[in-house]
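What follows is calculated from the coordinates using simple rules that are stated; it is not laboratory data. What you see is a predicted model, and the numbers here were worked out from it, not measured in a lab. Cβ coordinates were reconstructed from backbone atoms using ideal geometry, including for glycine residues, and neighbour counts include every protein chain displayed.
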Amino acid sequence: MCYQVVERYSVCRCLYYKHAIDPCAVYGQSGHGVQEKTVLVGYACATHSSQRPEMTYGAGVLPDSGYESDAYPLH
Ligand SMILES: [Zn+2]
Ligand SMILES: [Zn+2]
């Protein structure tokens, strides 16, 4: 089985870096897949590191914050 190392941010799980596939002897044959190996890196990406995860709830960033979501939960 071939392997492809995919590095992800451990905080937000966004893609950090996708390595090239490490092919095995039967790479490319039908029905043959590539095994993803996820490697977590110990921080958040630029997008999510600018936010404080604890503050996302009730911080006014929800698109339905102006809605009457108290009486009628949309989810
Ligand atoms: Zn393979
Ligand atoms: Zn992220």
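Using a cut-off of 13 Å between beta-carbons, work out the net charge of the residues near Y16 (Lys and Arg +1, Asp and Glu -1, Y16 not included).
Details: positive: R8, R13, K18; negative: E7.
Charge balance in the 13 Å sphere: +2.
DSSP beta bridges confined to segment 2-45 are antiparallel in about 35 percent of cases. Ordering 18-25, 2-9 by mean Cβ neighbour count within 10 Å, with the highest value first, yields 2-9, 18-25.
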